[in-house]
1. Could you check the simple spin-label distance between residue 487 and residue 470, using points 7 Å along Cα→Cβ, in nm with one decimal?
2. Using 0.36 nm per residue of separation minus the Cα-Cα distance, give me the extension gain between residue 404 and residue 478 in nm, one decimal.
3. Provide 186, 217, 327 in ascending order of the number of other Cβ atoms located within 10 Å of each residue's Cβ, fewest first.
4. Given axes a ≥ b ≥ c from the Cα gyration tensor, I'd like to know whether the chain is rounded (a/c under 1.5), prolate (a/b larger than b/c) or oblate.
5. Below 15 Å, Cα to Cα, which aspartates and glutamates can residue 220 reach? Residues fewer than 8 away in the same chain don't count.
6. Using helices alone, I'd like the mean residue ellipticity at 222 nm for the chain: each DSSP H run of four-plus residues gives -39500 (n - 2.57), total over residue count, nearest 500.
7. Sequence-distant or interchain residues sharing an amide H contact under 5 Å with residue 163, placed H: which?
8. Students often get this wrong: which residues of region 85-123 have the backbone nitrogen under 19 Å from the point 7 angstrom along Cα-to-C-beta of residue 194?
Amino acid sequence: MSVDAPPVFVFDRSDFRELRGLYEPWQAAQAPAPALVVLNEALAAELGVDADALRAPDGVAILAGNATPEGTTPVAQAYAGHQFGMFQPRLGDGRALLLGEVLDVNGRRRDLHLKGSGRTPFARGGDGKAAVGPMLREYVIGEAMHALGIPTTRALAVVVTGDHVARDTLLPGAVLTRVAASHLRVGTFQFAATHDDPTLVRRLADHAIARHHPHAVEAKNRYLAFFEGVVDAQASLVARWMLVGFIHGVMNTDNMTISGETIDYGPCAFMDTFDPATVFSSIDHGGRYAYGNQPQIAQWNLARLAETLLPLFDVEMESAVAAATVVLQSFPDRYQRYWSDGMREKLGLGADRPGAGRLIEDLLALLQAQTVDFTSCFRALSSAVLGDTTPARSLFTEPSAFDAWSTRWRAQQSSQTRHPRAIAEAMDQVNPVYIPRNHQVEEALAAASEGDLGPFHRLLDVLVQPFEERPGLESYAAPAPSTFGPYRTFCGT
Ligand code: AMP
Ligand code: MG
């Protein structure tokens, strides 16, 4: 009697498939010579998937899109979206497929999704492919974000296809396997709202409520409570980006999730010296998605979500708009609360006291005026709590201004009963030593594109423990040398 090997993935029934009109069943393109580049063993374990089975030829065939795993039919998901403020009624997965949904070892429902797996009915002019560099970039930055404690989609694996893709030059083609709480986006609602079937938005909202905001069913107005849940999740998410200097780079409504996870690591990058006007994306000419604009843009995107939900809020349009406006206008306060709570933690200040806000603003103004590295400065502050101000002072060209600020800061801190050591340790748990420095990421990806994965794995090892300072890794903590830059990023193709 032969015993069949158990399936690599065990797919659960997917309610999303009930939402006809929001997807097209589709098959991935065949990769001529798939080979595994990197596998996320920690994430595989979380999914309850056997890493060895994924490394085996049958596993790699699934990750490359060459074999459809048992128990599922892949689909390309439909969505619309505002790209740089312009509405595009039909975007969708042009080069991606949703394989299916699995329940992880904690019982959480996760989407498994292939990116770079060939043209779909939503491909428009695109070739449906992805180059290995941008897919590894998505992998490493997603893992860094996860390790920083920021909600994010994550990469399970990157395989090269054996094909080449034509960009500025010919580059190795690749497929990324992405894991997400779901791939529902603001743009999914925008697409549903343009559909002939008036029940589609309601059914999509019911699906999203069950999946991400189940508490909303208990509310008097569940759709308004759902909207409020998304507003709050995004306020929290964007605050967390801001607290580590993350710039998403392309906050189009199709790149904003309903779950509150960060998605789509294209032109994203971390800010070095503090400046709200920082933009890295080569296509963001107007600075729409600059660091300092991110909270406002999130609110703008949420207004687009609200527009799709208005008929569900109230049968009277006027009342629906009024209700939506109240929730939407709660965004700045929610954001501000998440941001200032996070900033107080970064500065080792306890409960909110008068003056804390000014202290935060004044430090940021100093960082900007003296072009100080954001990450290095916050990390150096824990030494100052323990009596050594040198690491922080030395970052300023005119340290006297820092000294004056520091005196005020220490005075606020001294009102706490916590021991300075406890304060410093807590600060080191929220102020990373290691972030994905742009020059390090570029170096690792350039080597990987030449077939040398050593630098990529070393960088990944550093970034998965961002708060643990380790000897020998000083170069990973340092800002880019002055010879690097100006840095430009490109939409992940
Ligand atoms: P993004 O900028 O990655 O968020 O993608 C925006 C839209 O362009 C989405 O609908 C993608 O599916 C589509 N897209 C991006 N690159 C490609 C490609 N190479 N082939 C087909 N569609 C693509
Ligand atoms: Mg996208």
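1. 2.1 nm
2. That works out to 24.1 nm of additional length.
3. 217, 327, 186
4. oblate
5. Leaving aside aspartates and glutamates fewer than 8 places away in the same chain, those within reach of residue 220 are 206, 228, 314.
6. That calculation yields -13000 deg cm²/dmol at 222 nm.
7. Answer set, sorted by chain and number: 33, 173.
8. 85-96, 120-123
Every read-out reported here was derived from the displayed coordinates using simple, explicitly stated rules and does not represent laboratory data. Quantities reported herein were computed from a predicted structural model and do not represent experimental measurements. Cβ coordinates were reconstructed from backbone atoms using ideal geometry, including for glycine residues, and neighbour counts include every protein chain displayed.
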